Amino acid sequence: MSNFRDAVGVILRAPAVLALTILWVCTIWLLIVAFNILALILQPLVYPFAFAFEWLHYAFLGKKGEVLPEYWKNYPDEHVNNMTTGFPTLQRWLWEGFEQ
């Protein structure tokens, strides 16, 4: 009986989750995707300037160590993963419900 109730719950939640998904995609998600695509393109272009600025900063302060050691960490994976923001929550709401 529990499986039947879960199936009915999914059917009843589907219109609400669909409406929220359409709202999400039409408003905020497009901005998130545009920002992450821009970051994917600009991050390699900004690197030479950022490296030169940090190198001069280290030279002025007399700091030792590697310049920008984590600049490329998680590139491009972080930007690609950010594009899926919101969809795991919508999926969880559809399959498991809103009460959590």
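Where a number appears in this text, it was derived from the coordinates with a stated rule and is not lab data. Note that the structure is a prediction, hence the values are computed from the model and not measured. Cβ coordinates were reconstructed from backbone atoms using ideal geometry, including for glycine residues, and neighbour counts include every protein chain displayed.
Checking the a/c ratio against 1.5 first, then a/b against b/c, what shape does the Cα gyration tensor give for the chain? It is prolate, given that a/c is not under 1.5 and a/b is the larger ratio. Extension gain for SER2-GLU66 works out to 17.2 nm (0.36 nm per residue, less the C-alpha to C-alpha distance). Legend: helices of the chain (whole DSSP H runs) are marked when their alpha-carbon atoms reach 18 angstrom or more along the helix axis and their mean Kyte-Doolittle hydropathy is at least -1.0; marked are 2-24, 30-61. Length gained on full extension, THR27 to LEU12: 3.0 nm, using 0.36 nm per residue less the C-alpha separation. Taken about its Cα centre, the chain carries a charge dipole of roughly 80 debye when the Cβ of each Lys and Arg holds +1 and the Cβ of each Asp and Glu holds -1.
Residue separation of ASN82 and ALA34 scaled by 0.36 nm, minus their Cα-Cα distance, works out to 16.2 nm of gained length.
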